[in-house]
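Every read-out reported here was derived from the displayed coordinates using simple, explicitly stated rules and does not represent laboratory data. All values derive from a computational prediction rather than experimental measurement. As a convention, Cβ positions derive from the backbone with ideal geometry for all residues, glycine included, and neighbour counts pool all protein chains shown.
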Amino acid sequence: MNAVIKPEIIVTLNGKGGVAIPSYDSEYVLMRERDFNAILDNINLEIMLTVIGGNNSFTQIMRRTGLQRGKLSRHLRRLLNSGWVVKEGSRYLPSGRIYVVYEVKDVNGEIILSILMNKGAFIDPIHGLVVINGEPLTNYCSTCPLRQACVNNVKSLARRYGIELRGAEPSETYVELFRELVRRDLIKRLRGGWRIVVRR
């Protein structure tokens, strides 16, 4: 698996064959920014990619990452507590397919839940994990050796989800793709009476 890891964007590329992602607990996971930031830790990211790749038992994750038992336990606890993964029996699974960051505001006595459109992540069963952490710079991808792979990847994702993209650079189009997924699908579900269940 190839990966592009930059401060504002993380993209994993599974290649042509892809990896079948195990089942996940929910379609959407709404999380605080502090919990979202857990994935920006390199070890947590490596564990998450291992889980997405189908190695989901403690032993498999330990073998795949080379982490010692105590260190792996601490990082898995962080991923569980922050909402990135859930545990079903002996398996660790992605808690959702799309991770959306929210903030809560108290405005004149009304509680407003605000979705951040420049932070979030989504898992694609074929292409892997895309993490958005802010606005990528212009020409962000111009010197990246994986630029063409990202171009192919994001075009394929856009076709898969039926989204027309306008951005020129892959980094811009990944952000655009994430925003469209949230706008088109999550907002529609919330307006349609979709229930939010709060768990901890």
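With 22 Å as the limit, the listed pairs K6/K188; K87/K188; K6/K155 have K6/K188; K87/K188 beyond it between alpha carbons.
Once the C-beta distance of R32 and T143 is scaled by a Förster radius of 35 Å, the resulting FRET efficiency is 0.55 to the nearest 0.05.
One quarter of the convex hull surface built on the alpha carbon atoms of the stretch 86-200 amounts to 10.0 nm², the projected area averaged over directions.
Dipole check for the chain: with +1 at the C-beta of Lys and Arg, -1 at the C-beta of Asp and Glu, and the Cα centre as origin, the magnitude is about 640 Debye. Across every direction, the projection of the convex hull enclosing the Cα atoms of the stretch 17-99 has a mean area of 5.3 nm².
When the chain is described by a simple charge dipole with +1 on each Lys and Arg Cβ and -1 on each Asp and Glu Cβ, the residue from V11, V175, A38 located farthest towards its positive end is A38. Counting Cα-Cα pairs of the chain in 5 Å increments starting at 0 gives whole-percent bin shares of 1, 7, 15, 19, 20, 16, 11, 6, 2, 1, 0. Residues of the stretch 23-62 falling in the label zone of K71, defined by backbone nitrogen less than 18 Å from a point 7 Å along Cα to beta-carbon, are 39-51, 58-62.
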